[in-house]
Amino acid sequence: MRNTWDNAWIIAKRELRAYFATPLALVFLTVFVALTGALTFYVGQFFQRGQADLFPFFAYHPWLYLLLVPAVAMRLWAEERKSGTIELLMTLPITPFEAILGKFLAAWAFIGLALILTFPIWITVNLLGSPDNGVIFTSYLGSFLMAGAFLAIGSFVSTLTKNQVIAFIVASLICFLFTMSGLDLVQNSLRAWTPAVFSSAVSSLSFLTHFQRIAQGVLDLPTLIFFFSMIVFWLFATVIAIDQKKAQ
Amino acid sequence: MTVLIEAVGLHKRFGEIKAVDGISLKVAKGEVLGFLGPNGAGKSTTMKMITGFLEPDSGKAEICGTDVFQEPKTAKAKFGYVPEGAPSYGEMTTRAFLSFIAEIRGFRGAELKSRIDRAVERAGLQPVLDQIIDTLSKGYKRRVGLAQAILHDPPVLIMDEPTDGLDPNQKHHVRELITDMAADKAIIISTHILQEVEAVCSRAVVINKGMIVDDGTAEDLLQRMHYHGAVSLKVVADRADAAIRALSSAAMVARVETVGKPNGHMLLRAIPREKTMTSAEIAAVLRAQNIPVDELYVERGRLDDVFRQITMPEEGSGNA
């Protein structure tokens, strides 16, 4: 087991270094921070609300992740397959799971860094009033978890194609479905022709339903289990997909 | 003789196409096995299965007695592999890339450093150690791929077209490197360059349409060549008929072929009845008739011809 973490860590280090080898990483971080700011202050009307919390900041995270997380995830495996380095990687003395875990953790850490860089908003709200920092911390944690779930989906999709653009679009689409499935829009149309069990099952798979509680500072066990099992499920799907697809 | 690489009955199909159709082979320590075959013959697919990258439909592969599919981690620690095109992470520097490989191979600290130094020295990478791999020439990229494979000094080396696309000097360097390492390793190289087999391989396996069609030393393959031992000669054009008549009536000559007519000369080839004909005998026949000969040499047979002969039998024995 120690060996698994060692190898995953070596892979993760390499990945992270690769992110910063090009200016793309910095562009991504800038866009992320700028967008969260813009959404919070203009769309979320942070000032007009007159409340010392970060609800308008976190509320837009699912929508932001919908585009930005697949952008991080798309290269994970599509690039390895396209350049042929997957053949090198998979004939090194590591298991596919170690490679997948390492790459996933690197991408997750990268998104974590993007989240940390939004700290000026936290400072702002603390200067303007006295928010409940426990709630803010919980929301950050929940947001990070949700990003992990989006990322695991992206990691899976990235194994299916050598084309990063396709990986991006398909991952966004799947993430979109998982986000939307809790909305009334979807739920009403489902309730019309499926049993209630089904529509509530679909609703319980919704990232949005779970995240709405997180944005209010409630990180309860079902939500934790939901996001963790999402991550585990999609990472295992990645293992299977890699096994099937690596040589094509 | 210790067998370090063993493949038993490897089969792989992609849809309707049988890419590899029952390949079994053994490579012992000290052997350099040349994997020969036209493009699409199944060379790369076979290597991918031996290295455990691609699961075969049936059959098994063992490296140093360890099954690559039962115990992949153990088996993969025992070989170095240069996949087709020698892929590496282009955004890294040579040094960073080799460090990464060394870490994955389990080396740390001083040992990691000395391993990298040795591989760099062997592959001649000192001048480009701190350059980004993407900016290197094709030759250097190949050598990075090679350095990566020999870093842990594995008992088994598997290389898919290691010299493809290199200039003659670079090819020479890579072949020298392989020869240097050959004594205490089992090596497989795939190639469609036949001189390479003559230059570095102790044994050659010819595969075509996913099957082994020939197996032997480069010399063995040459023996099988139609023109092996034939004598080629050049005479002035107006004495050609006389020469043909004289040679055809000689006891040791089976038949005489005309090859070409460059610059008022005629190129002839005398095919021997048995493999023992010498150029001196041919020269004597012609001298008896007072026919001047400009050039005379024994054909060794060219591996290219053998290759065509084995892999394209439908072309028959036409002039190669």
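Only the coordinates and a few stated rules stand behind these numbers; no lab work does. Keep in mind that this is a model prediction, so the values were computed, not measured. Glycine also receives a Cβ, built like all others from the backbone with ideal geometry; neighbour counts cover every protein chain displayed.
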In segment B:3-223, if the dipole is taken from +1 on Lys/Arg beta carbons and -1 on Asp/Glu beta carbons about the Cα centre, which of B:ALA218, B:ILE187, B:CYS64 is farthest to the positive end? B:CYS64
Mean shadow area of segment B:231-299 over all directions, Cα convex hull, nm²: 3.9 nm²
With charges set only on the Cβ (+1 for Lys and Arg, -1 for Asp and Glu), what does the dipole of the protein assembly as shown come to about its Cα centre, in debye to the nearest 20? 300 debye
Cα-Cα pairs of chain B separated by more than 34 Å (percent): 38 percent
Within straight-line cross-link reach of B:LYS171, lysines at Cα separation under 25 Å, skipping those fewer than 8 residues along the same chain: B:LYS29, B:LYS43, B:LYS48, B:LYS138, B:LYS141, B:LYS185
Go ahead and estimate [θ] at 222 nm for chain A from helices alone: -39,500 (n - 2.57) per DSSP H run with n ≥ 4, summed, over the residue count, rounded to 500. -25000 deg cm²/dmol
Between A:ASP243 and B:VAL8, the two model label points (7 Å from Cα along the beta-carbon direction) sit apart by a distance in nm of 2.3 nm
Environment charge of B:ILE244, counting only residues whose C-beta is closer than 14 Å and scoring Lys/Arg +1, Asp/Glu -1: +3
Let me know the Kirkwood hydrodynamic radius for the protein assembly as shown, please, with Cα pairs as the basis and the value in Å to one decimal. 28.1 Å
If you average the C-alpha positions of segment A:189-204 and of segment A:1-47 separately, how far apart do those two centres end up, in angstrom? 36 Å
Relative frequency of Cα-Cα separations exceeding 21 Å in segment A:58-164, percent: 44 percent
With a 10 Å radius around each residue's Cβ, average the other Cβ atoms per peptide and rank B:64-70, B:148-154, highest first. B:148-154, B:64-70
Could you tell me how many cubic angstrom of Cα convex hull volume segment B:69-169 has per residue? 102 Å³
Give the distance, in whole Å, between the Cα centre of segment A:132-169 and the Cα centre of segment B:225-287. 77 Å
Lysine pairs, Cα distance under 21 Å, 8 or more residues apart or cross-chain: how many in chain A? 10
What's the FRET efficiency of A:SER189 with A:LEU113 using the Cβ-Cβ distance as r and R₀ = 30 Å, to the nearest 0.05? 0.15
Ignoring solvent entirely, what values of log10 I(q)/I(0) come out of the Debye formula for chain A at 0.08, 0.09, 0.11, 0.15 Å⁻¹ when each Cα is a single scatterer? -0.33, -0.42, -0.62, -1.08
Mind ranking A:153-159, A:53-59, B:72-78, A:25-31 by how tightly packed they are, going by the mean number of other C-beta atoms within 10 angstrom, highest first? A:153-159, A:53-59, B:72-78, A:25-31
How crowded by other chains is A:5-16, given as the mean number of beta carbons from other chains within 10 Å of each beta carbon? 3
